[in-house]
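Coordinate-derived values only; no laboratory data. It should be emphasised that the depicted structure is a prediction, and the values quoted were computed from it without experimental measurement. Because the Cβ atoms are built from the backbone with ideal geometry, glycine has one as well, and the counts that use them run over all protein chains shown.
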Amino acid sequence: MKLFKTKLKVNNKQKTLLAKNAGVARHILYNWGLATCITEYE
């Protein structure tokens, strides 16, 4: 397996958009995990 590391050169607007997307993904993952735990608990 090969791994490639790439450094992104982004401006301030792109940094903001990347941070927003990461926040949305984090909330979706948290909600999915919470729903899974509640389902398993019941």
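Data table
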{"quantity": "Size of electric dipole in the chain: Cβ of Lys, Arg +1 and of Asp, Glu -1, about Cα centre, debye, nearest 20", "calculated": "700 debye"}
{"quantity": "Cα-based helix-to-principal-axis angle, 12-41 vs the chain, degrees rounded to 10", "calculated": "20 degrees"}
{"quantity": "Pairwise Cα inverse-distance average, inverted: Kirkwood Rh of the chain (Å)", "calculated": "13.1 Å"}
